[in-house]
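See structure below.
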């Protein structure tokens, strides 16, 4: 590895995506990307007693599918980087507790999958592991209970709100991939523009996405024209509009043609009542491990800059009226063929 500029790491022998798999819930399996997911569940409870156990089941499904695709067993993985939105990374912990895989639990809110991809690539590139697993998950019902109100309360969501994706994504990273490489990554810095509204995550996270994308482009001496897609984690429709405007105003960079957002892609904004789009750790994880990996493998995409975004509040800080600190981590994925 080598440093590029103030923020970015370049992998000189780029680790690759050996396999990737996704698992989603009912609403996601009826959205535009339905055919791309490996496992779809018609019942968000997944025959579990609690929403938290249902999310852990998503973790198991995605992980098992990724291992099966690569013809690997849990014993072949030297380390897993995994996280979710729940207190103490409950879903990840319960999802991996029977796998007997060395695990590093992560919390980056909705940026967790970008962070896990970066750390898995760093582990492989450094020789710490020959095979590493990157995973992230979320569940609409579990997240609503923790951060807002239980569904039984029947609270109405505001137009700026996003629906937490019920889903998980898992990617196995190693040296042997001939198709998809992780060439570089940027660990973001905390950004806080003073927003307190936890039902407007897109607006809160957009400045962090702008700062990280601008830093990556500067460090690598590239422009938006060098990428087929600049993909954000889950800003949703409102946050995506703010991001494009922020990039233009604050950094004089136009990303409008190249930009896409996982939170916009995963649901049909006209047919599904998801307000501003999707969110949650499982949003970008499920999208990356399904349609993005597939398009990179097929050559429909060749250069993707993925910036996962996260709002780092807790239920406690929100109730205390604090502002919402946010972060974004970037990973650069390429088709090597």
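None of the figures in this text is laboratory data; all of them are computed from the coordinates on show. None of the values given here were measured: they were computed from a predicted structure. We place every Cβ from the backbone using ideal geometry, glycine too, and count neighbours over all the protein chains shown.
7 Å from Cα along Cα→Cβ at both residue 3 and residue 256: what's the point-to-point distance in nm?
Modelled inter-label distance: 3.7 nm.
Of the beta bridges DSSP finds with both residues in the chain, what % are antiparallel, to the nearest 5?
Details: 40 of 60 bridges.
Antiparallel bridges: around 65 percent, rounded to the nearest 5.
Can you give me the pair-distance distribution of the range 163-244, C-alpha pairs, 10 Å bins, whole percents?
The percentages, shortest bin first, are 14, 38, 35, 12, 1.
Ranked highest first by the average count of other Cβ atoms within 10 Å around their residues, in what order do 131-139, 257-265 fall?
Working: 131-139: 32.4, 257-265: 22.7.
Per-residue mean Cβ counts within 10 Å order the peptides as 131-139, 257-265.
On a C-alpha basis, how far is the centre of the range 190-237 from the centre of the range 35-110 in Å? Whole number, if you could?
One Cα centre to the other: 27 Å.
Is the range 44-132 best put as rounded, prolate or oblate by its Cα gyration tensor, with a ≥ b ≥ c the root eigenvalues, rounded for a/c under 1.5, and otherwise prolate when a/b is larger than b/c, oblate when not? Intermediate values should be presented prior to the final figure.
Details: a/c = 2.20, a/b = 1.39, b/c = 1.59.
Oblate shape, in that a/c is at least 1.5 and b/c is the bigger or equal ratio.
Would you list the P(r) distribution for the chain, with all Cα-Cα distances sorted into 10 Å bins from 0 and each bin expressed as a whole %?
Reading upward from the zero bin: 6, 30, 38, 22, 4, 0.
Quick check: pseudo-label points 7 Å beyond the Cα along Cα→Cβ at residue 193 and residue 35, how many nm apart are they?
3.7
Per the Kirkwood treatment, what hydrodynamic radius in Å, one decimal, follows for the range 20-168 from the mean inverse distance over all distinct Cα pairs? Kindly include the intermediate steps, with their values, before the conclusion.
Details: mean 1/r = 0.0635 Å⁻¹.
15.8 Å is the Kirkwood radius here.
Antiparallel versus total DSSP beta bridges in the range 180-335: what percent is that, nearest 5?
Working: 16 of 23 bridges.
Percent antiparallel among DSSP bridges in the range 180-335 is about 70.
With a Förster radius of 56 Å, plug the Cβ-Cβ distance of residue 221 and residue 316 into 1/(1 + (r/R0)^6) and report the FRET value to the nearest 0.05. Display every interim value, and only then the final one.
Numbers: r = 42 Å, r/R0 = 0.75.
Efficiency for this residue pair is about 0.85.
Note the full-extension length gain between residue 42 and residue 12 as 0.36 nm times their separation in residues minus their Cα-Cα distance, in nm to one decimal.
Details: separation 30, 0.36 × 30 = 10.80 nm, distance 4.31 nm.
Full-extension gain reported as 6.5 nm.
Taking every pair of distinct Cα atoms and averaging 1/r, then inverting, what Kirkwood hydrodynamic radius in Å comes out for the range 81-224?
Working: mean 1/r = 0.0582 Å⁻¹.
When all Cα pairs of the range 81-224 are included, the Kirkwood radius is 17.2 Å.
Where does the chain land at 222 nm, in deg cm²/dmol rounded to the nearest 500, when only DSSP H runs of n ≥ 4 count, each adding -39500 (n - 2.57), divided by all residues? Write down the numbers at each step before the final one.
Values: 10 runs with 107 residues, N = 337.
Mean residue ellipticity at 222 nm (helix-derived): -9500 deg cm²/dmol.
What's the extension gain from residue 300 to residue 128 if we count 0.36 nm per residue and subtract their Cα-Cα distance? Before the final figure, lay out each step's value.
Numbers: separation 172, 0.36 × 172 = 61.92 nm, distance 3.23 nm.
Extending this stretch completely gives an extra 58.7 nm.
Report the Rg/Rh value for the range 94-134, based on alpha-carbon coordinates and the Kirkwood definition of Rh.
Working: Rg = 10.8 Å, Rh = 11.0 Å.
Rounded to two decimals, Rg over Rh is 0.98.
For the range 180-335, how big is the tail of P(r) above 23 Å, as a whole percent of Cα pairs? Could you put the intermediate results ahead of the total?
On the way: 4030 of 12090 pairs.
So the pairs more than 23 Å apart make up 33 percent of the total in the range 180-335.
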